[in-house]
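> First the structure, then my questions, so here it is.
The values are calculated or read from the model by the stated rules, or taken from the named source; none is laboratory data. Everything numeric here is computed off the predicted structure, so don't read it as measured data. Cβ sites come from the backbone with ideal geometry, for glycine too, and all protein chains shown count toward neighbours.
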Amino acid sequence: MAVDHRQAPVLEALARYHETDELAFTPPGHKQARGADPEVRRVLGDAVFFGDVLASGGLDDRRMRGSVLQRAEWLMADAVHADHTFFSTCGSSLSVKAAMLTVASPHEKLLVGRDAHKSVVSGLILCGIEPVWVEPQWDPVRHLAHPPSAEAFEKAFQEHPDARGALVTSPTPYGAAGDLRAIAEVCHRRSRPLVVDEAWGAHLPFHHDLPSWAMDAGADICVTSIHKMGSGLEQGSVFHLQGDLIDPADLASRADLLGTTSPSVLLYAGIDGWRRQMALHGTALLSKALDLTAEVRGAIERIDGLHVNDERDFCGPGLAVEFDPLPVVIDLQALDTTGYRAADWLREHHHLDMHVVDHRRISAQLTHADDESTARSLLDALADLVRHAPALRPAPRVAVPEPGELRMEQARLPRDAFFARTEDVALDAAEGRVAAEMLTPYPPGIPAVLPGERLTRPVLRYLRTGIDAGMNVPDAADTRLRTVRVMAGHEA
């Protein structure tokens, strides 16, 4: 039966709400903007408040008999080739935790790529799952991690046959994608599910020139952030399910356990509208975006001192398998400055906000929303950056560890270390102590240190020199890293 993707159940229900002039004696207390502060209304606009209604007893009736959300989720599942889809208004940070809790129970093992986002580590802390870390594929030339290989997951399963499943992040914020088909096959040979944190890949199902979509590659659960590469609002997330290894009722119950009882209809509407947009026009919109991105990449490459990382840089033996060109990752090594300084300069002088920033790169994320005008602003600003590069030198050096120095002993489970008695010790005295906090350079939000890891001098030196160079570590108890929170006394 053909599915009519011109429908948008959430948006249509919201329009009916206004057309029938519903009068609410319920939250939210602003009552369709009437009670909102005038200055807030001026800045935000009344449309924000008009879309802010209760999901149950507002958008739908008290018992949800209109199945508004259910129909929107069903349409999304059809659009992306999934069996079941669930909307979340708490971001993919919640969605990935729900997926983890469905696959493994407290004290059970889960194979996890060590390049996972901090939300995965938060899930380990909350859930009490025992991680079996699977090493990413490390590019020693560019000092960059790519998704772990299928062979690495195979080896981890052989060493831990009691692991309940696997979790991999693909694509990375840099656009590098792993071999999901091969990883799924490794899992399914053992009747174990594969969870893919595809937060950066919500657009992938809608164009054949993009990396493989996790559902098409055989993943059991896929988590996507609609706000990252799509047109949804911040915190809009969707997780998809297929196959018979996971009970959809179990996944729904875990999401309900973690989620809010006051979901934002604004976010639901953004997700629903984006699905309709992509189902009807996604191929054309993304084709235009890919053509523009190719032009931008070529133009940046012609600017002296800048190099745009491409498929030849990121894909190959021991590296990534597929590549998304829309995150335009620019290597600044020839300018002899850091991504931190370059990004700060671009914001100050051109009001441009770059995305991923590290010791030698900046990233300009392009989407179907960009056009010739935004591309020209980016190119003009980058050319000006190169002209002013001498003023950004000398930049403080970041002591990036070699691959063998990156990994520390997981001396305690993340949950046990995080909730242990703690003390704050000077960074210089922290070597050998067991961390009781996450230390996460952000963006992109991949922890350098996890609770329970025994701290080593190379990693501490990396963080210290990174902070001095402009790195942001917002989750540390001491964000300047003069001290580190560790397990106290005999517990360490």
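> Of all residues in region 421-433 being buried (at least 18 other Cβ atoms within 10 Å of the Cβ) and of a type in the set (A, V, I, L, M), which is farthest from Asp478 (Cα to Cα)?
Checked region 421-433; the qualifying residue farthest from Asp478 (Cα to Cα) is Ala430.
> Consider Phe87 against the criteria (1) under 21 Å from Gln277 (Cβ atoms); (2) outside any strand (DSSP E or B): it satisfies all of them except one. Which criterion is unmet?
In the conditions (1) under 21 Å from Gln277 (Cβ atoms); (2) outside any strand (DSSP E or B), Phe87 misses (2) alone.
> Which of (1) aliphatic (A, V, I, L, M); (2) closer than 17 Å to Phe87 by Cα; (3) out of contact with any Pro (no Cβ under 8 Å at 6 or more places or on another chain) is the odd one out, the single condition Leu69 does not satisfy?
For Leu69, the exception is condition (3).
> Next question, about the same structure. Would you call Ile330 part of a loop (DSSP other than H, G, I, E, B) and at pLDDT 95 or above?
no
> Failed condition for Ala98, given (1) touching a strand residue (DSSP E or B) at 6+ places or on another chain (Cβ under 6 Å); (2) part of a helix (DSSP H, G or I), with all others met?
(1)
> Separate question: Scanning for something over 30 Å from the mean Cα position of the chain (by Cα), among the small types (Gly, Ala, Ser) and closer than 19 Å to Gly273 by Cβ, does region 29-49 turn up at least one residue?
no
> From Gly298, Gly305, Gly316, which residue is surrounded by fewer than 16 Cβ atoms within 10 Å (Cβ to Cβ), out of contact with any strand residue (DSSP E or B) (no Cβ under 8 Å at 6 or more places or on another chain) and under 28 Å from Trp138 (Cβ atoms)?
After ruling out the rest, the residue left standing is Gly316.
> When you look at Ala375, is it in contact with a His (Cβ under 6 Å, 6 or more places away or on another chain) and not β-branched (Val, Ile, Thr), yes or no?
The answer is no for Ala375.
> Next up: Since Gln333 meets every condition but one in (1) surrounded by fewer than 21 Cβ atoms within 10 Å (Cβ to Cβ); (2) touching a strand residue (DSSP E or B) at 6+ places or on another chain (Cβ under 6 Å); (3) more than 21 Å from His227 (Cβ to Cβ), which condition does it not meet?
(2)
> Cβ contacts < 6 Å: first residue within 9 Å of Leu54 (Cα to Cα), restricted to region 21-35; second residue modelled with pLDDT of 90 or more, any location; separation 6+ or different chain. Result?
The qualifying pairs are Thr26/Leu54; Thr26/Gly57; Pro28/Asp52.
> State which residue pairs qualify: first residue on the phi > 0 side of the Ramachandran plot and inside region 443-471, second residue hydroxyl-bearing (Ser, Thr, Tyr) and assigned to a strand (DSSP E or B) in any location, beta carbons under 9 Å apart, and separation of 6 or more residues or different chains.
none
> So Ala395 ticks every box in (1) part of a loop (DSSP other than H, G, I, E, B); (2) at pLDDT 95 or above; (3) not acidic (Asp, Glu) but one. Which box is left unticked?
(2)
To keep it simple, each residue is scored yes or no on (1) assigned to a loop (DSSP other than H, G, I, E, B); (2) at pLDDT 95 or above; (3) surrounded by 12 or more Cβ atoms within 10 Å (Cβ to Cβ).
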{"residue": "Met1", "(1), (2), (3)": "yes, no, no"}
{"residue": "Asp4", "(1), (2), (3)": "yes, no, no"}
{"residue": "Glu12", "(1), (2), (3)": "no, yes, yes"}
{"residue": "Glu22", "(1), (2), (3)": "yes, no, yes"}
{"residue": "Phe25", "(1), (2), (3)": "yes, no, no"}
{"residue": "Glu39", "(1), (2), (3)": "no, yes, no"}
{"residue": "Gly58", "(1), (2), (3)": "yes, no, yes"}
{"residue": "Met64", "(1), (2), (3)": "yes, no, yes"}
{"residue": "Leu75", "(1), (2), (3)": "no, yes, yes"}
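> For the list (1) without any contact (Cβ under 8 Å) to a residue 40 or more places away in the chain; (2) on the phi > 0 side of the Ramachandran plot, I need the number of the one condition that Gln235 fails.
Status for Gln235: all satisfied but (1).
> While we're looking at this one, here's another question. Could you count how many residues in region 200-210 are assigned to a helix (DSSP H, G or I) and farther than 14 Å from Thr172 by Cβ?
So the count comes out to 2.
> Let me ask something additional. Could you give me the residue pairs with C-beta distances under 7 Å whose first residue belongs to region 211-222 and is outside any loop (DSSP other than H, G, I, E, B), whose second residue is among the small types (Gly, Ala, Ser) and surrounded by 24 or more Cβ atoms within 10 Å (Cβ to Cβ) wherever it lies, and which are 6+ apart or on separate chains?
Pairs that qualify, where the first residue is outside any loop (DSSP other than H, G, I, E, B) and the partner is among the small types (Gly, Ala, Ser) and surrounded by 24 or more Cβ atoms within 10 Å (Cβ to Cβ), are Ile221/Ala99; Cys222/Ala214.
> Follow-up. Quickly run through region 214-250 and pick out the residues that are more than 18 Å from the chain's Cα centre (by Cα) and modelled with pLDDT under 95.
Correct list: empty.
> Moving to a separate point now. Select from region 333-356 the residues that are among the aliphatic types (A, V, I, L, M) and modelled with pLDDT of 95 or more and write down the one among them that is nearest to Leu180 (Cα to Cα).
Filtering region 333-356 for residues that are among the aliphatic types (A, V, I, L, M) and modelled with pLDDT of 95 or more, the one nearest to Leu180 (Cα to Cα) comes out as Met354.
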